[in-house]
Amino acid sequence: MPKYLSITRAEYAGSLSVRLLFNDKHEAVVNVGEWIKKHPHPQYNRFCDEKKFKQFYLDDMGNIAWGKNRDLYFPMEQLYCGKIAD
């Protein structure tokens, strides 16, 4: 088991979801769009646009993020479990 958990690969999985591969070889699919719709906010709502949603990136800490300044990102433990807490 790696000392620190990180995401090594992220790809769009459709319906505002991402498929994540972690450095311990675990894979999870997370429906981020579902969370955004439950938590409407101008900072997050723009990522309901599929084109903008697909512009996610892996930051220097090995986490997935959206927006120029990491406007949207989630705790690694929740991503690993495949469900973002409300």
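The values are calculated or read from the model by the stated rules, or taken from the named source; none is laboratory data. Being a predicted model, the structure only gives us computed values, none of them experimental. Note that we place each Cβ from the backbone using ideal geometry, even for glycine, and neighbour counts take in every protein chain shown.
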With free of Cβ contacts under 8 Å to residues at least 60 places away in the same chain and not small (Gly, Ala, Ser) as the only criterion, which of Leu79, Leu5, Leu72 stands out? Leu72
Limited to the range 33-53, what total is found for residues that are under 21 Å from Lys83 (Cβ atoms) and basic (Lys, Arg)? 2
Could you check the chain for helices (runs of 4 or more DSSP H) lying wholly inside it with 1 or more residues that are among the small types (Gly, Ala, Ser) and touching a strand residue (DSSP E or B) at 6+ places or on another chain (Cβ under 8 Å)? 32-38
Mind telling me which of the residues Tyr4, Tyr12 ends up being out of contact with any Gly (no Cβ under 9 Å at 6 or more places or on another chain) and hydroxyl-bearing (Ser, Thr, Tyr)? Tyr12
Is there a residue being surrounded by fewer than 14 Cβ atoms within 10 Å (Cβ to Cβ), β-branched (Val, Ile, Thr) and modelled with pLDDT of 95 or more anywhere in the range 31-52? no
In the range 1-32, anything under 14 Å from Lys83 (Cα atoms) and within 10 Å of the chain's Cα centre (by Cα) is listed as Leu16, Ser17, Val18, Arg19, Leu20, Val29, Val30, Asn31, Val32
